[in-house]
2 protein chains.
Amino acid sequence: MRYLTTLKYIDVVAKEGSIRKAADRLAITSTALNRRILAIEDEIGHPLFERTPAGVRLNTAGELFVQHIRSQMSDVNRVLSQISDLSGIRRGHVRISSGPQTISAFLPREIARYREKHPGVTFQVLRKNSQSAVESLVSHETDTAIIFESLLPSDIQIVSSVSQIVQIIMSPEHPLASKKTLRLQDCLGWPILMPSENEGIRTLLNVGQVQQATPLQTIIEADSFDMMANYLIFENALGFQIPISIKGQYGIYSHLKAIPLDHRDCKPGLLHIAQLKGRVLPVAAAKFQDQLVQRFNEAFPEDTI
Amino acid sequence: MRYLTTLKYIDVVAKEGSIRKAADRLAITSTALNRRILAIEDEIGHPLFERTPAGVRLNTAGELFVQHIRSQMSDVNRVLSQISDLSGIRRGHVRISSGPQTISAFLPREIARYREKHPGVTFQVLRKNSQSAVESLVSHETDTAIIFESLLPSDIQIVSSVSQIVQIIMSPEHPLASKKTLRLQDCLGWPILMPSENEGIRTLLNVGQVQQATPLQTIIEADSFDMMANYLIFENALGFQIPISIKGQYGIYSHLKAIPLDHRDCKPGLLHIAQLKGRVLPVAAAKFQDQLVQRFNEAFPEDTI
DNA sequence: TAAATGCGGTGCAATTTTTGCATCGCAAAA
DNA sequence: TTTTGCGATGCAAAAATTGCACCGCATTTA
């Protein structure tokens, strides 16, 4: 869209923090870019950037304006995809950010299912922790997000939530594999694979752990649940996971045993589908989000909110 | 804003229904305008207008795009007013549509009160019935609306509501003026000033009237409550009004007597403050809306929802 | 039935806007 | 102190927008 070029330019400058770098990326001269920015600042009657020796940085007005720009651009895309929807088969692009719990096992199946019906739709999947997932929604980088156990700011709208208990995963040959449920005490003797501090599961586990006299023996701390799941093939250790990551038992989780952690040690957490409040999603993204919500309902009928 | 000119042009063409007329209004040549439109249609890859011998008309894609344009433009204005808010005193512009019940007595006082605190803020007040008030919100013509007793579509957000009984107004010398409450039967012998069919009060009265054997003697049907109120000076007739129009008793209503209509004949109606769902209002409009909501609460503490 | 009116679209030249090059002044880093 | 990298600016080239004259077409009018 031609009339959006200046806006796009400003966005890039804001991201690069330098007019020259941005000009380089945009394949134009820094002169031209500089003058476009001066022109629009003049028009607004207020500077958007603070000039520093090292480059430029958004000031308050700039922050406001860039936020507006991003919402404009994603809204244009929505309208354009709606328009091209009018003439012909459904095409579109869905941008989703997801925590490590759902990105590996849950999402691939859902995307495949969606693309069976709408082969023209493409996807962009970003692996994000809770906080950066929220940021990606606010900056219009993604349309929808799956976020586990996090307090969400007021400009985020929760579309659906499902309650997820924490499970302990291990090799089927593990001595504990035959139990129906486990308590944290049972894990004391075993090597532990612990999710990173900024993962939702860790938050839940931390609550339980403070009541323990002796701490768990964490041998690996990682933010990749796949890595930890694969590690269980080689050492008789214990990892943590939520049901949605394992449900259906395919891929790397098919050779693992999952046992619920007793609710006295660890409360269930909430897995949210969320979007930016007040935003109208592109057709494809909205439809995919609907599918995810429906999937939550089907897979965990008792626990969906 | 220069980068919005093309969008503005399209909006005007859509409103005028003719490129030449729009060009005239925009003080440019029809050629230039025509080519801008052709260019953007080419860019979108889909026509926005249907060409007829008499001019042009939006097609479906055009409707989508124009809606987008309007939301963009009002959002730009919001951001710009926010930015100019950063440097200096509060300025701004509030656009409000209001039914005849509130526009005459309630709004003037509220606007004056607001301007005492923020003399820089200007107002645009449009007198609208329920349906056109909703339309003005959807088309971003106004920021907020006061709507009486109407079902609102789902893209309108009700910010606050207050319950309003219907009162009968008359000259203080009227024989009925001493009563505490009135029933519709009491009005049978008297000439009646009846609000127009598309007013909320009329809807409420219609419900009561169907139970009556003999109809009311309507001598004037009008959509102006002021006109009807003034008429009561000259003839001993009866009119209808809701408390918010009279509260405070100043202006033309100060010489009138208002008596509640019995609830068996006429249920209370709801007076809504509403805005377009998902829209972020400009600072000034948001503040003024807040004031209105607070006013509802103060004036009718029992009946505000 | 034929002329007239009013519509959107187009070729071409004039005009305005945007861009790129060379260069300046400035401040932080080396 | 020199060097480096930044944004800003004067000026000419390039690109875009605009206005004029005119076309084809459908409806309205005489």
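The values are calculated or read from the model by the stated rules, or taken from the named source; none is laboratory data. Computed from a predicted model, the values in this text were never measured in an experiment. When we count neighbours, we look across all protein chains shown, and the Cβ atoms used for this are built from the backbone with ideal geometry, even at glycine. In case anyone asks, the SASA skips ligands and DNA or RNA and just uses the protein heavy atoms, side chains included. Shrake-Rupley method; radii C 1.70, N 1.55, O 1.52, S 1.80 Å.
Only a single criterion out of (1) within 13 Å of DNA strand D (Cβ to nearest atom); (2) in contact (Cβ under 8 Å) with a residue 12 or more places away in the chain is not satisfied by B:R2, namely (2).
Among the residues of this structure, A:F65 does not count as one that is away from DNA strand C (no atom under 13 Å from the Cβ) and more than 12 Å from every other protein chain (Cβ to nearest Cβ).
If the condition is being within 20 Å of A:I246 (Cα to Cα) and not polar (S, T, N, Q), then segment A:184-208 contributes A:I192, A:L193, A:M194, A:P195, A:E199, A:G200, A:I201, A:R202, A:L204, A:L205.
Among the residues making up segment B:8-46, those that are facing chain A (nearest Cβ under 10 Å) and more than 13 Å from DNA strand D (Cβ to nearest atom) are B:I44, B:G45, B:H46. For A:M194, the test of being surrounded by 15 or more Cβ atoms within 10 Å (Cβ to Cβ) and either basic (K, R) or farther than 14 Å from A:E235 by Cα (or both) is passed.
What is the one condition in (1) assigned to a loop (DSSP other than H, G, I, E, B); (2) under 30 Å from B:K8 (Cβ atoms) that B:P172 does not satisfy? B:P172 satisfies every listed condition except (2). If only one of B:Y9, B:Y3 is among the aromatic types (F, W, Y), farther than 24 Å from B:L137 by Cα and modelled with pLDDT of 90 or more, which one is it? Within the list B:Y9, B:Y3, the selection yields B:Y3.
Looking across segment B:47-58 at every residue that is farther than 19 Å from A:N77 by Cα and open to solvent by less than 50 Å² (accessible area, probe 1.4 Å), the one that is nearest to DNA strand D (Cβ to nearest atom) is identified as B:T52.
Residues are listed down the side, and each one gets a yes or a no for (1) open to solvent by 10 Å² or more (accessible area, probe 1.4 Å); (2) more than 14 Å from every other protein chain (Cβ to nearest Cβ); (3) within 20 Å of B:L48 (Cα to Cα); (4) without any contact (Cβ under 8 Å) to a residue 12 or more places away in the chain:
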residue	(1), (2), (3), (4)
A:Q72	no, no, yes, no
A:S98	no, yes, no, no
A:I103	yes, yes, no, no
A:R115	yes, yes, no, yes
A:T122	yes, yes, no, no
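Inclusion of B:S81 among residues that are away from DNA strand D (no atom under 16 Å from the Cβ), closer than 27 Å to B:S130 by Cα and open to solvent by less than 50 Å² (accessible area, probe 1.4 Å) is not warranted.
Scan segment A:120-133 residue by residue and report those that are farther than 18 Å from A:V293 by Cβ and in a helix (DSSP H, G or I). Scanning segment A:120-133 gives A:S130, A:Q131, A:S132.
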